[in-house]
Structures are given as C-alpha cells and as structure tokens.
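Here's the structure we're looking at; comments come further down.
The values are calculated or read from the model by the stated rules, or taken from the named source; none is laboratory data. Since this is a predicted model, take the numbers as computed values, not measurements. When we count neighbours, we look across all protein chains shown, and the Cβ atoms used for this are built from the backbone with ideal geometry, even at glycine.
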Amino acid sequence: MKTFKKADIIILTAAVAISAALIFLLPAVLKTGTVAVISVNNKEYGEYPLNKDVTIMLPGNTVIIKNGAVRMESADCPLGVCQAHAPITKKGESIICLPNRVIVEIG
Amino acid sequence: MAKKISVYGLQLACALVFSYVEFLIPLDFIAPGIKLGLANAVVIILLIGRDFKSALLVNLCRVALSALLFGSAVSLLYSLAGALVSMAIMVTLKKSGVFGVAGISVMGGIAHNTAQCVAARIMIGSLGVYYYLPFLLLSGAICGALVGAAGGTLLKNKNIINLLKI
C-alpha cells in the first residue's frame, strides 16, 4: 500500500487547518467569565465569584482565584498537568485534575 | 503456531517499549493525555502488512500490559476506548482503499483522541473536557501522519515483509 496518496495529503491538511482554526478562534469567541465552579468527584463543591481573590483548599488540590483568573496552585497528582495549565478566565474554559477528579470550570 | 507467537510477542514487546518511550516524553502541557502514539506504528504495520486479527490482538495485549506496567485502572479504560474506536476506523478505511498508510494513521489518531475525549466526558461528567478537543485533533492528525509515514516506510523493508509473512 502506498504511504501517501492524494487523499492522505488532503485529509491531513484539512485536519490541521480545522483544528488550528478552532484553537485560535475559541478564546476570541468565548466571553469572560463571572464565576468559577469547582466540582469534585462529579459533585459540585462550590461556586466562587472571579472578582474576589481567594484560596480554595481541596483534599489534594489548591485552587487560587486572583485578579479575575483561576489557576491550580498545587496538586498531589503524579504528573501535575493541572498545575502547568495557564490561568483561565473565559466561560467554558476549564482546568481538570483527572486523577483527583477535580474540575474547575468558568461559568 | 510457535512462530506466530514469537512474532506477535516480538511486536508486542516493541509496542510496549514505544509506550514507555512516550511516557518519557510528556506532552501534557499542551493538553492532558496527549501522546505521540508511537505504539500505533506496530499496529499499523500489522494491520496493513498482515491482517486485522493480528493487529487487534497485539493492540489489545499492549493496552492491557501497558496499563499494568505504566498506568492505572482509569488509564486502562481510556486506552481501551481509544484503541477499539481507532481500530474500527482504520480497518474500515483499509478496506475502502481511499487512503494510503499515512491517511489511515491520521484518521486512526484523530479517532483515538476523540474517543478518549468522549470517555473523559463520560467519566468526569463535565462538558469542559471538550475544550481540549481542538488540541487533541491537531496532535492526533500530526502524530498520526508521522507514525503513518514511518510505518509506510517500514512496510517496504525486506526484513519486515518477511517477518509479517510468518
């Protein structure tokens, strides 16, 4: 079987173009959020307004709201992907700690 | 029969080493769960160069062992979801004859990542996971193309061709 047919180039270009467009357009389309909703284990833990600086201490994670942005300050999960995530501000954005089943979403 | 077991075993070991190498190159800063998909090189060589049965067998064993060695019960679920969906898509595309090796791998990568995204949505119960979908689509397509190109080149190698005939 051939490695690269015409169709392959077309599908690859299309996939890259569409996903790149989505990546760049999403932040512009999203509106700035008003509240951070934290859920643990699929149950809502709390809602926090973004205009008030606060530190939220969960069993394995620490969430900080500062200057209208939310970030995962610390977590005890093995990889720490959630901690590396840039602070979020727009509706629909989220920081997720998969191992600890913590979701921080902007609403 | 013994020859088949040795060949499959060899390829399974190869896939596991690729999985481990991926583990050493974390791309998690882009989006959680992003990987290079190197193990798919073995799967695609088997799928295109031999048949669906052998590719599925080695892939499922790789999923199970890799979860046991480097992962957890949860990672097994995600891995399985990705593997099953991507295998279904790839074998369908192989039969259709529309794409070459690289195209099949690209679609396999996209299918794999999308399935994992949906699995995450079900497990976590939040629509927020779909925020990562564009990143997963991009990496799935690019990594799929690279792995597919490698696989396609390997499939032209005499030693590999002979190995696959056993």
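Looking at the structure I just gave you, is A:LYS91 farther than 26 Å from B:ASN113 by Cα, surrounded by fewer than 20 Cβ atoms within 10 Å (Cβ to Cβ) and among the basic types (Lys, Arg)? Here the answer is no, as A:LYS91 does not meet what is asked.
Of all residues in segment B:26-60, which are β-branched (Val, Ile, Thr) and away from every other protein chain (no Cβ under 13 Å)?
Let us first name the residues in segment B:26-60 that are β-branched (Val, Ile, Thr), namely B:30, B:34, B:42-45, B:48, B:58.
B:VAL42, B:VAL43, B:VAL58, listed by residue number.
Could you go through segment A:55-62 and let me know if any residue there is within 28 Å of B:LEU138 (Cα to Cα) and surrounded by fewer than 17 Cβ atoms within 10 Å (Cβ to Cβ). The answer is no, given that none of the residues of segment A:55-62 is within 28 Å of B:LEU138 (Cα to Cα) and surrounded by fewer than 17 Cβ atoms within 10 Å (Cβ to Cβ).
Scanning segment B:107-136 for residues that are among the polar types (S, T, N, Q) and buried (at least 23 other Cβ atoms within 10 Å of the Cβ) turns up B:ASN113, B:GLN116. Would segment B:149-158 turn up any residue that is in contact with a helix residue (DSSP H, G or I) (Cβ under 9 Å, 6 or more places away or on another chain), facing chain A (nearest Cβ under 8 Å), under 26 Å from B:VAL74 (Cα atoms) and not hydroxyl-bearing (Ser, Thr, Tyr)? So far as segment B:149-158 goes, no, none of its residues is in contact with a helix residue (DSSP H, G or I) (Cβ under 9 Å, 6 or more places away or on another chain), facing chain A (nearest Cβ under 8 Å), under 26 Å from B:VAL74 (Cα atoms) and not hydroxyl-bearing (Ser, Thr, Tyr).
Checking the structure you have, find out if any residue of segment A:40-49 is of a type in the set (Phe, Trp, Tyr), more than 9 Å from every other protein chain (Cβ to nearest Cβ) and within 18 Å of B:LEU127 (Cβ to Cβ). Walk me through how you get there before you give the answer.
Initially, segment A:40-49 is screened for residues of a type in the set (Phe, Trp, Tyr), giving A:45, A:48.
Cutting the leftovers down to more than 9 Å from every other protein chain (Cβ to nearest Cβ) gives us A:45, A:48.
Imposing the further condition that a residue be within 18 Å of B:LEU127 (Cβ to Cβ) reduces the set to A:45.
So far as segment A:40-49 goes, yes, one or more of its residues are of a type in the set (Phe, Trp, Tyr), more than 9 Å from every other protein chain (Cβ to nearest Cβ) and within 18 Å of B:LEU127 (Cβ to Cβ).
Being at pLDDT below 95 and either within 16 Å of B:ILE142 (Cβ to Cβ) or in contact with an Asp or Glu (Cβ under 7 Å, 6 or more places away or on another chain) (or both): is that true of B:ILE30 here? Taking the combined requirement at face value, the residue satisfies it.
Residue check: is A:GLU105 among the charged types (D, E, K, R), within 12 Å of chain B (Cβ to nearest Cβ) and within 13 Å of the chain's Cα centre (by Cα)?
Numbers: among the charged types (D, E, K, R): yes; within 12 Å of chain B (Cβ to nearest Cβ): yes; within 13 Å of the chain's Cα centre (by Cα): yes.
The answer is yes for A:GLU105.
Tell me, which residue of segment B:89-98 that is in contact with a helix residue (DSSP H, G or I) (Cβ under 8 Å, 6 or more places away or on another chain) and at pLDDT 95 or above is nearest to the other protein chains (Cβ to nearest Cβ)? Top of the filtered list is B:LYS94.
Exactly one residue out of A:VAL16, A:VAL29 is free of Cβ contacts under 8 Å to residues at least 24 places away in the same chain, surrounded by fewer than 19 Cβ atoms within 10 Å (Cβ to Cβ) and farther than 19 Å from B:VAL129 by Cβ: that is A:VAL16. With respect to the conditions (1) touching a residue at least 60 places away in the same chain (Cβ under 8 Å); (2) surrounded by fewer than 15 Cβ atoms within 10 Å (Cβ to Cβ), A:VAL104 lacks only one, and its number is (2).
Restricted to strands (runs of 3 or more DSSP E) entirely inside segment A:7-60, those with at least 1 residues that are acidic (Asp, Glu), over 19 Å from B:ALA31 (Cα atoms) and over 16 Å from the mean Cα position of the chain (by Cα) are A:43-49.
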